[in-house]
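*Asks:* One structure is given below, represented as structure tokens, and several questions about it will come after.
The values are calculated or read from the model by the stated rules, or taken from the named source; none is laboratory data. What you are looking at is a predicted structure, and each value in this text was computed from that prediction instead of being measured. Methodologically, a virtual Cβ is constructed for each residue, glycine included, from the backbone with ideal geometry; neighbour enumeration extends over all protein chains shown.
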């Protein structure tokens, strides 16, 4: 479990993160999202004991990051964005070395176990310097798992992986997250939507949203959205439904359907369906459309020309 209270970090006169407050529970996968420079990596480094905060504190697996830093490190597995690997070692040698540093019993057996877990058991004797970027990333993930940590903190865990490896690592993270606390940062928003139980969106060092992807959709849309699809030529369809009171922001989606918005509590879909049928169109589909995590992210981190986040 992770609990953060008032976490602040200054680099000279620049404030990297400001008064962060959040929790991540056992058995929960929390996504940490934000543009470059938002403060994600700084937060992760503080939580893993790599640097102290300027103000505030946090507990990880029940231990204080300041007064009980060594206990925190024993219980955290950390995968930094750039994994520090010894390229002249084989994958097995490196993981056994890491296991020995942590005084793990039967270190050779544990090294083979995590290699198998991340799908590198057949490359155990390969030198790390000869591995692809994706395989090096998996060696880094293996070292984060070597001591069976209670909390796993992953900074861009699928960077450099091919599509098949991405699916494998995502499945592994989901499996790990059933019993541990997992916090991961990612720029791949679809990844957070598929893997994470909850997301934190940080911008300019401050958390601007915290919720499940589904609840964020409901909170931020501000209006209902629906997609309309008819058989054959849809020419004139947008103009037709645009005459209905309450229908707004009509546009054609990439899949050829016509999307539109309407105010919550003013469901215009029955009137739209009636108008489409009376207009001579063959109605195939009329369905609600959710707001994607990409749209949520852009909405919360969008800035106007003054440099301030644009409010709805």
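*Asks:* For the structure I just gave you, tell me whether residue 149 is buried (at least 23 other Cβ atoms within 10 Å of the Cβ) and in contact with a helix residue (DSSP H, G or I) (Cβ under 7 Å, 6 or more places away or on another chain). Give the steps one after another, and end with the answer.
*Replies:* Values: buried (at least 23 other Cβ atoms within 10 Å of the Cβ): no; in contact with a helix residue (DSSP H, G or I) (Cβ under 7 Å, 6 or more places away or on another chain): yes.
Spelling it out, it is not the case that residue 149 is buried (at least 23 other Cβ atoms within 10 Å of the Cβ) and in contact with a helix residue (DSSP H, G or I) (Cβ under 7 Å, 6 or more places away or on another chain).
*Asks:* Looking at the stretch 35-69, which of its residues are on the phi > 0 side of the Ramachandran plot, surrounded by 15 or more Cβ atoms within 10 Å (Cβ to Cβ) and within 17 Å of the chain's Cα centre (by Cα)?
*Replies:* Across the stretch 35-69, the qualifying residue is only 39.
*Asks:* Within the stretch 223-232, is even one residue in a helix (DSSP H, G or I) and over 30 Å from residue 109 (Cβ atoms)?
*Replies:* no
*Asks:* Mind counting the residues in the stretch 237-292 that are at pLDDT below 85 and more than 23 Å from residue 216 (Cα to Cα)?
*Replies:* 3
*Asks:* A further question follows. Of the conditions (1) farther than 23 Å from residue 17 by Cβ; (2) modelled with pLDDT under 90; (3) surrounded by 15 or more Cβ atoms within 10 Å (Cβ to Cβ), residue 214 satisfies every one except a single condition; which number is it?
*Replies:* Evaluating residue 214 over (1) farther than 23 Å from residue 17 by Cβ; (2) modelled with pLDDT under 90; (3) surrounded by 15 or more Cβ atoms within 10 Å (Cβ to Cβ) leaves (3) as the failure.
*Asks:* In the stretch 112-138, which residues are buried (at least 19 other Cβ atoms within 10 Å of the Cβ) and either touching a strand residue (DSSP E or B) at 6+ places or on another chain (Cβ under 6 Å) or closer than 12 Å to residue 96 by Cβ (or both)?
*Replies:* Across the stretch 112-138, the qualifying residues are 114, 115.
*Asks:* Looking at residue 87, is it surrounded by fewer than 16 Cβ atoms within 10 Å (Cβ to Cβ), over 14 Å from residue 155 (Cα atoms) and touching a helix residue (DSSP H, G or I) at 6+ places or on another chain (Cβ under 6 Å)?
*Replies:* Spelling it out, residue 87 is indeed surrounded by fewer than 16 Cβ atoms within 10 Å (Cβ to Cβ), over 14 Å from residue 155 (Cα atoms) and touching a helix residue (DSSP H, G or I) at 6+ places or on another chain (Cβ under 6 Å).
*Asks:* Which residue out of 49, 37 is modelled with pLDDT under 95 and either more than 18 Å from residue 202 (Cα to Cα) or in contact with a helix residue (DSSP H, G or I) (Cβ under 9 Å, 6 or more places away or on another chain) (or both)?
*Replies:* 49
*Asks:* Please specify each residue of the stretch 167-183 satisfying the condition of being part of a helix (DSSP H, G or I) and closer than 14 Å to residue 144 by Cβ. If you could, list the steps in order and put the result at the bottom.
*Replies:* We begin by selecting, within the stretch 167-183, every residue part of a helix (DSSP H, G or I); these are 167-176.
Within the stretch 167-183, 169, 172, 173, 176 meet the criteria.
*Asks:* Could you figure out which of (1) touching a residue at least 60 places away in the same chain (Cβ under 8 Å); (2) within 18 Å of the chain's Cα centre (by Cα); (3) under 24 Å from residue 71 (Cβ atoms) isn't true of residue 176?
*Replies:* Unmet condition: (1).
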